[in-house]
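Right, one structure below, let's go through it.
Nothing in this text is a laboratory measurement; each read-out follows from the coordinates by a stated rule. What you are looking at is a predicted structure, and each value in this text was computed from that prediction instead of being measured. So basically every Cβ, Gly included, is an ideal-geometry build from the backbone, and we count neighbours across all protein chains shown.
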Amino acid sequence: MTGQVILELKKQPWLLHLFWLIVLVAVMGSLGVGWENHLQRHGVGFPETGYKTDWDEATTTGEAAWNMRYLEHDIKADTKAAAKLPADRQGDNTAQALMKTMLADYQKHDYRHLNQAILKAAQEDPQAVKSIEELNYLSSNNDELNALMLYMVKHLPNRLIQVDAMTSVTGNFAAIFGLQNYFSAPNGKDAELLTALLLIMGLTLFCDVYFQDRRLTTDTMMRTAPVSGMEQALIRGGVTLGLLNVILLIGAVATLLAMSLLPGHEFGTWLQPLVYTLNSHVGTMSLAQGLGQEWLIINLWWLVFAGLAFCLSLVSRNLLVGMLVLAVVAFANRLQLLGLIAPALRTYVPSAHTVFPSVILYSGSYGEVAFGTVAVTFVVWILALFICGGLIQAARQRLRFAAAR
C-alpha cells in the first residue's frame, strides 16, 4: 500500500499542481487584499448635501468613525424633525435615545454596553430598532438582529460585529468566500470567481491523473501491481485530494498573511457570527463553522470529480472528453441545464449546489434545505460513482479473460 502511494505521488502532474498553486495564491491574495482595502464600502451621503459621499478610511478606526458620523447625523436630523411636531406628539423617542447611547458607547469604546443596549432594544422595541439605519445594515429582520446581538453579548461582548465584519482580517477573508451577512452584496462576484476557480482546478487535476494510464497506454502495466484496480483508483483519488488541499491551505495562509500586513486592521476572531434562517428558524454560526462547511463542500465536489473521472477513464482515453463532461456537470446550473430536471429532484443533484454561500447560509432557494441534506446527497453520488467504476472494471476484466481463452 505504501509503495502504491509513493508511485501515485511520482505520477502526479507536478507542473499542473504548481500552475494551480500560483493561480490560486494570486487570485485569493488579490481578492482578499482588494476587498479589505476597498474604500467604496466606507462612505455615506445625505439628502441635504445632495448625497455627496464622504469616504472614511477602510480601516478599523475608519469604520468606527463612519458609524459615529452616521449616528451623529441621524440624531441631529431626528431632533430637528421632532422639534417641528406639536408638543403633545414629541414625547419619548426610543430610537433617538438608543442612537445617543450607541454614539456615547462608541466614543468611550464601551462595546460591551453597546452590544447589550442594541440587544435590549431589539427584544423590547423592535420598531424603534427598525427605524435606525445603522442597525438595518446588520439585518433588517429583527429576529436575525436579535440572534446576532445575543451571540455577540454571550460570546464576544467586547467586540463589534459592525466593525469586525467590515475591517478585520478574518471577516474580510470569509467575505471573499461569500460568508458575510453585513453589507455582503458587493463581494458576491468574488465568491463566484473563487468557486469557479476551485471547481476548474479540481476537475482538471482529477481528469489528468485518472486518464494518465490509458492515455499513455501504461494501464496494462498497472494491472500487474500488487493492489487491485479499485484500490489503485482510491489511492490515486486520495493522493490527489490531499495535494489539492495542500494547495488550498497554502493559498489561504498566504492570503491571510498578505491581509494581515495591511496597516490599520485587526486580525479579528474566527468566532465572529453569521446569522441565517432555515425553515423559519433563525440561528447563528461562527466564521470557523461556516468556512469549515465551505471547505467540506469543496472537497465533496472534488470527490465527485474523482468518481466521475474514474468512470470516464475506463470507457475513453480522450482527456478532453473527460474534462468536458466534468465541466458540464460542474456548471450545469450556469448552462441552464438543470431545467431538464424536475424541480423536486434538483436538490439531489450535485450540479444544483455550486453557490456555496447560499448552501451554507440557507439563502435564496436554500431556505428550506439543510446543509446535512446537501452533504448526504454528495456522499451518495460519490459512493455510486466509485461503485459504478468498480463494476465497469470487473466487466472489463471478465471480457479480457474471455478473450484470452
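Couple of notes before you dig in:
- All-pairs Cα distance distribution in the range 92-216, expressed in whole percent, bin size 5 Å: 2, 10, 16, 17, 14, 9, 7, 5, 5, 4, 3, 3, 2, 1, 0, 0, 0
- Length gained when the stretch ARG396-ALA97 is fully extended (0.36 nm per residue, less Cα-Cα span): 99.9 nm
- A simple charge model with +1 on the Cβ of Lys and Arg, -1 on the Cβ of Asp and Glu and nothing else charged puts the dipole of the chain at about 1980 debye relative to its Cα centre.
- Amide H to amide H distances under 5 Å link SER286 with LEU274, where only residues 5 or more positions off or on other chains count and H is placed in the peptide plane.
- Under a Gaussian network description of the chain, with springs only between Cα atoms under 10 Å, the residue in LEU320, LEU385, LEU145 that fluctuates furthest is LEU320.
- Using the Cβ-Cβ distance between VAL380 and ILE22 with R0 set to 41 Å, the FRET efficiency from 1/(1 + (r/R0)^6) comes to roughly 0.70.
- Entry note, the range 271-325: relative contact order of 20 percent, from Cα contacts under 8 Å with a spacing of 6+ residues.
- Overall form of the range 282-393 per C-alpha gyration tensor (a/c, 1.5; a/b vs b/c): prolate
- Relative contact order of the chain, defined on C-alpha pairs under 8 angstrom at six or more residues apart (%): 19 percent
- Highest-fluctuation residue, LYS154, LYS100, LYS130 considered, GNM on the chain with Cα pairs under 10 Å: LYS154
- In this calculation the C-beta distance from LEU335 to VAL253 is compared with R0 = 25 Å, giving a FRET efficiency of 0.15.
- For a modelled paramagnetic label at GLU192, 7 Å from Cα along Cα-to-Cβ, the residues of the range 345-370 in reach, with backbone nitrogen under 20 Å, are 351-367.
- Share of pairwise Cα-Cα distances greater than 40 Å in the chain is 31 percent (whole percent).
- Springs join every pair of Cα atoms under 10 Å in this Gaussian network model of the chain, and among LEU262, LEU278, LEU345 the largest mean-square fluctuation is at LEU345.
- Between ALA65 and HIS109, the simple spin-label model (points 7 angstrom out along Cα→Cβ) gives 1.6 nm.
- Taking label points 7 Å from Cα along the Cα-to-Cβ direction, LYS76 and LEU261 give a separation of 4.1 nm.
- Listed by number, the DSSP H helices of the chain that run 30 Å or longer by alpha-carbon position along their axis and have mean Kyte hydropathy of at least 1.6 are 14-36.
- For HIS265, HIS113, order by how many other beta-carbon atoms lie within 10 Å, fewest first: HIS113, HIS265
- Each peptide in 375-383, 309-317, 168-176 receives the mean, over its residues, of other Cβ atoms within 10 Å, and ordering these scores from highest gives 168-176, 309-317, 375-383.
- Segments 362-371, 8-17 sorted - mean Cβ within 10 Å per residue, highest first: 362-371, 8-17
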